[in-house]
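To start, the structure itself, in structure tokens.
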Amino acid sequence: MTHPSPLAGLLFCATCERQMTPMTRLNGRAYGAPCGCRLSPVDALTVERLVFNAVEAHHPDLLTRTAAGGLAAAFRKVLAEVRIGGTADELEFIWST
């Protein structure tokens with residue numbers, strides 16, 4: 001079973017602040033930047049794992065009872081947005097208040 005991209009609507013280009021969009025590539029899911037700031041889309045599993053790890057570190061109880069299909073809702077409870085720089089590990093988290 002596939003689940004919607006959990007970072008859809010939360011992931012933004014750190015350079016131009018435009019929203020990145022989920023896409024499907026031959027080698028799997030990715031997030032692309034319509035702005036052209038990035039040379040290629042970001043691997044979805046990589047960035048989603050990094051975001052998961054950050055959310056888990058800040059809110060350890062939140063994700064322990066969250067199924068894979070509920071990640072999008074869980075992320076939205078604690079994150080306003082995630083900004084991604086030149087590489088997948090250059091992330092800035094804007095936490096919800």
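The values are calculated or read from the model by the stated rules, or taken from the named source; none is laboratory data. Since the model is a prediction, treat every value here as computed from it, not as a measurement. Positions of Cβ are generated from backbone atoms using ideal geometry, with glycine treated the same way; all protein chains shown enter the neighbour counts. Calculation scope for accessible area: heavy atoms of the full protein, side chains included, ligands and nucleic acids excluded. Shrake-Rupley method; radii C 1.70, N 1.55, O 1.52, S 1.80 Å.
For segment 22-38, the candidate set comprises residues that are touching a residue at least 12 places away in the same chain (Cβ under 8 Å) and among the aliphatic types (A, V, I, L, M); within that set, the residue that is most open to solvent (accessible area, probe 1.4 Å) is Met23. Here segment 4-21 is the region considered, the condition is being open to solvent by 70 Å² or more (accessible area, probe 1.4 Å) and not basic (Lys, Arg), and the residue that is farthest from the chain's Cα centre (by Cα) is Thr15. Quick check on segment 52-66. Is at least one of its residues buried (at least 17 other Cβ atoms within 10 Å of the Cβ) and either touching a Lys or Arg at 6+ places or on another chain (Cβ under 8 Å) or over 20 Å from Ser96 (Cα atoms) (or both)? No, there is no match, as no residue in segment 52-66 is buried (at least 17 other Cβ atoms within 10 Å of the Cβ) and either touching a Lys or Arg at 6+ places or on another chain (Cβ under 8 Å) or over 20 Å from Ser96 (Cα atoms) (or both). Taken over segment 56-77, the criterion of being more than 19 Å from Arg29 (Cα to Cα) and either in contact (Cβ under 8 Å) with a residue 40 or more places away in the chain or in contact with a helix residue (DSSP H, G or I) (Cβ under 6 Å, 6 or more places away or on another chain) (or both) is satisfied by Glu56, His59, Leu62, Leu63, Thr66, Ala74, Arg76. Applying the set (1) in contact (Cβ under 8 Å) with a residue 24 or more places away in the chain; (2) farther than 17 Å from Thr97 by Cα to Pro41 leaves exactly one unmet item: (1).
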